[in-house]
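What follows is a short report on a single structure.
The values are calculated or read from the model by the stated rules, or taken from the named source; none is laboratory data. Just so you know, these numbers come straight off a predicted model, no measurement behind them. Reconstructed Cβ throughout: ideal geometry from the backbone, glycine too, with neighbour counts over all protein chains shown. Heavy atoms of the whole protein, side chains included, go into the accessibility calculation; ligands, DNA and RNA do not. Shrake-Rupley method; radii C 1.70, N 1.55, O 1.52, S 1.80 Å.
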Amino acid sequence: MKTIKNMRELRLVRQKLEFQEQLYEKELAESTADIIDNLTDKLRDTAFDVGSRLLLRLIHSRRKHHTPEE
């Protein structure tokens, strides 16, 4: 970082740093939203898979249980 010579330069550096901070906060918020969306999709898929398996097991077990024996 270069040496600051006067108050005007100090204000400009401060403005630049504040702008960078806002930019990083925005990037962080966007990344967090992407992560949450991805996680939500994976959880929904997992819940659907587990529910489907449970339903198929239930149907299969009822068919097996109620099948007339010869």
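The single condition among (1) in contact with a Leu (Cβ under 8 Å, 6 or more places away or on another chain); (2) at pLDDT 95 or above that residue 4 does not meet is (2). The single condition from (1) over 31 Å from the mean Cα position of the chain (by Cα); (2) open to solvent by less than 100 Å² (accessible area, probe 1.4 Å) that residue 46 fails is (1). Is it the case, given these coordinates, that residue 31 is more than 36 Å from the chain's Cα centre (by Cα), among the hydroxyl-bearing types (Ser, Thr, Tyr) and not in a loop (DSSP other than H, G, I, E, B)? When the stated conditions are applied, residue 31 does not pass them. Within the set 57, 8, the sole residue that is loosely packed, with under 10 Cβ neighbours inside 10 Å and either part of a helix (DSSP H, G or I) or in contact (Cβ under 8 Å) with a residue 60 or more places away in the chain (or both) turns out to be 8.
Identify the residue in segment 16-43 that is under 30 Å from residue 2 (Cβ atoms) and hydrophobic (A, V, I, L, M, F, W, C) and, among all such residues, is least open to solvent (accessible area, probe 1.4 Å). I'd like the intermediate steps shown before the answer.
Initially, segment 16-43 is screened for residues under 30 Å from residue 2 (Cβ atoms), giving 16-28.
From what's left, hydrophobic (A, V, I, L, M, F, W, C): 17, 19, 23, 28.
On the way: 17: 92, 19: 133, 23: 75, 28: 115 Å².
Result: 23.
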